[in-house]
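K.L.:
One structure coming up, written as structure tokens, with questions to follow.
The values are calculated or read from the model by the stated rules, or taken from the named source; none is laboratory data. Since this is a predicted model, take the numbers as computed values, not measurements. Neighbour counts run over all protein chains shown; Cβ positions are idealised from the backbone, glycine included.
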Amino acid sequence: MNYIVCAEDISKSYGSILAVDKVSFTVREGEFFSLLGPSGCGKTTILRILGGFIEQDGGTVSIDGKDMKGIPPNRRDTAMVFQNLALFPHMDVRENIVYGLRKRKFPADRIREELNSILEIVDLKGFETRRISELSGGQQQRVALARSLIVKPKILLLDEPLASLDKKLRVSMQGELKEIQKRIGTTFLYVTHDQGEALTMSDNIAVMNKGVIIQMGTPDSIYNCPWNIFTADFIGAGNFIPVISVEKENHMFVLKTEDRGRIFLRDDFKKDCRDFPGVKKIQGPESSGVKDKTALPVFFIRPEKIKITTKPQRNKNLFNGKVKAIIFEGPDIRLEVVSNTLGKIKIEVKNDGSLPGLKENDNLLFHWDYIDGILLEY
Ligand SMILES: Nc1ncnc2c1ncn2[C@@H]1O[C@H](COP(=O)(O)OP(=O)(O)OP(=O)(O)O)[C@@H](O)[C@H]1O
Ligand SMILES: [Mg+2]
């Protein structure tokens, strides 16, 4: 299997701060790979190491099979889009975009050709002579993208490039970026702390916390099969129900809650949770810095897996509860429910008219399938 990026055991400290701790990952050619994690977890540090702006203290980075040790940024097949975009305000759009080609002493006709083709790709035709200050945030973002892509890097490193845009523009730029990436086939290594952004754009995601990668996989596997509480909590919403005992009965786990609730969970609940292919080393939850060895296992279930019902359901986990809040979110309706045996439960249903007329303090029945949910840290 050919990987265009191979990072093995890379570490980096700033004085006494261990910013990146033995991180390993691989990226395939043409892949959209995201590093996702909270502020300060080491994402930018990894990107800068890959781009050659800083050197790791330990471990190796190879790009296209070549060890990058001692290779400066301008001699790597990478280009970087910085979070603040770092455009030249005194130059117009054209001069910003062709900057890299001028520095590389490309002939004028070649520059014109490349400029035309890149303007087409990022949809900025007609904006060549605008000043940067005369552009919207999204247009500036596209100039930054064009400026990096025009030098035809094999790998584009993007450090939270959409963070400064408002929500609506950010969502539309996510689509555009993904579309451009697919069209030109360049490998994208994308850094974000926005889980929605990572889920919608990426082929694969590495979830980071405190300098280590704690899970890697497709958006689907990260969302549906979190390996630990951190990933489950960081990505999307969920119910975390502490469990005081776990027993096995035939092909079923029987989980008991503090308040004498019983949850059945099929013992093959992790059958769809495949490991990230091609990763040689991956830090388990033990090294994620979030596992407390004395902690009880936790049963985790997404709010949209829980259904509301008016009649008892056979062969399902069935509970009753009282509605504490009904939150209208347009396409979805969120319910906050309190159950005597499970505690507070979040339920999400589609706003498709199927919700029986409920109001606060009403009692209701809710259920989920035995295969749904995950036992974490167990
Ligand atoms: N030049 C530096 N000197 C000292 N400490 C640094 C330096 N750069 C980063 N750090 C520290 O290293 C850790 C990782 O920083 P990094 O910038 O890689 O995080 P990040 O995941 O990109 O965060 P953010 O989402 O806020 O951009 C942080 O604790 C940060 O304070
Ligand atoms: Mg950063």
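K.L.:
If you scan segment 176-207, which residues turn out to be free of Cβ contacts under 8 Å to residues at least 60 places away in the same chain and polar (S, T, N, Q)?
P.N.:
Across segment 176-207, the qualifying residue is only 200.
K.L.:
So the check is Cβ under 6 Å with 6+ separation or different chains; which pairs have a first residue in segment 142-165 that's under 16 Å from residue 95 (Cβ atoms) and a second one that's within 16 Å of ligand 1 (Cβ to nearest atom) and in a loop (DSSP other than H, G, I, E, B)?
P.N.:
Close Cβ pairs satisfying both conditions: 144/85.
K.L.:
Which of the residues spanning segment 202-211 are more than 15 Å from ligand 2 (Cβ to nearest atom), surrounded by fewer than 24 Cβ atoms within 10 Å (Cβ to Cβ) and outside any loop (DSSP other than H, G, I, E, B)?
P.N.:
204, the sole residue that qualifies.
K.L.:
Same structure, new question: Taking the condition surrounded by 16 or more Cβ atoms within 10 Å (Cβ to Cβ) and either more than 23 Å from the chain's Cα centre (by Cα) or modelled with pLDDT of 95 or more (or both), does residue 17 pass? Spell out the reasoning first.
P.N.:
Numbers: surrounded by 16 or more Cβ atoms within 10 Å (Cβ to Cβ): no; either more than 23 Å from the chain's Cα centre (by Cα) or modelled with pLDDT of 95 or more (or both): yes.
No.
K.L.:
Now, a different point. Are any residues in segment 37-86 among the aliphatic types (A, V, I, L, M) and either surrounded by fewer than 21 Cβ atoms within 10 Å (Cβ to Cβ) or within 16 Å of ligand 1 (Cβ to nearest atom) (or both), and if so, which ones? Please lay out each step first, then the result.
P.N.:
If we filter segment 37-86 for residues that are among the aliphatic types (A, V, I, L, M), which is where we start, we get 46-47, 49-50, 54, 61, 63, 68, 71, 79-81, 85-86.
Passing the criteria: 46, 47, 49, 50, 54, 61, 71, 80, 81, 85, 86.
K.L.:
So which residues in segment 160-194 are surrounded by 21 or more Cβ atoms within 10 Å (Cβ to Cβ) and closer than 21 Å to residue 23 by Cα?
P.N.:
The answer is 187, 188, 189, 190, 191, 192.
K.L.:
Sticking with this one: Step by step: first the residues of segment 64-98, then only those that are of a type in the set (Val, Ile, Thr) and within 22 Å of residue 52 (Cβ to Cβ), then the one that is farthest from ligand 2 (Cβ to nearest atom). Which residue is that? Give the steps one after another, and end with the answer.
P.N.:
So in segment 64-98, the residues of a type in the set (Val, Ile, Thr) come out as 71, 78, 81, 93, 97-98.
Those left that are additionally within 22 Å of residue 52 (Cβ to Cβ): 71, 78, 81.
On the way: 71: 23, 78: 17, 81: 13 Å.
The extreme case among them is 71.
K.L.:
Hey, does segment 21-33 have a residue that's surrounded by 16 or more Cβ atoms within 10 Å (Cβ to Cβ), near ligand 1 (Cβ under 10 Å from one of its atoms) and either within 21 Å of residue 201 (Cα to Cα) or touching a residue at least 12 places away in the same chain (Cβ under 8 Å) (or both)? Step through it out loud before you land on a result.
P.N.:
Narrowing segment 21-33 to residues surrounded by 16 or more Cβ atoms within 10 Å (Cβ to Cβ): 21-28, 31-33.
Subsequent filtering for residues that are near ligand 1 (Cβ under 10 Å from one of its atoms) retains none.
So far as segment 21-33 goes, no, none of its residues is surrounded by 16 or more Cβ atoms within 10 Å (Cβ to Cβ), near ligand 1 (Cβ under 10 Å from one of its atoms) and either within 21 Å of residue 201 (Cα to Cα) or touching a residue at least 12 places away in the same chain (Cβ under 8 Å) (or both).
K.L.:
Another question about this same structure. So, residue 5, is that one away from ligand 2 (no atom under 16 Å from the Cβ), touching a residue at least 40 places away in the same chain (Cβ under 8 Å), part of a strand (DSSP E or B) and crowded, with 16+ Cβ neighbours inside 10 Å or not? Outline the logic, then answer.
P.N.:
Values: away from ligand 2 (no atom under 16 Å from the Cβ): yes; touching a residue at least 40 places away in the same chain (Cβ under 8 Å): yes; part of a strand (DSSP E or B): yes; crowded, with 16+ Cβ neighbours inside 10 Å: yes.
Taking the combined requirement at face value, the residue satisfies it.
K.L.:
Just give me the residues in segment 334-349 being within 16 Å of residue 298 (Cα to Cα), surrounded by 16 or more Cβ atoms within 10 Å (Cβ to Cβ) and more than 26 Å from the chain's Cα centre (by Cα), in sequence order. Break it down into steps so the answer makes sense when it comes.
P.N.:
So in segment 334-349, the residues within 16 Å of residue 298 (Cα to Cα) come out as 341-346.
Imposing the further condition that a residue be surrounded by 16 or more Cβ atoms within 10 Å (Cβ to Cβ) reduces the set to 341-343, 345-346.
Hits for segment 334-349 are 341, 342, 343.
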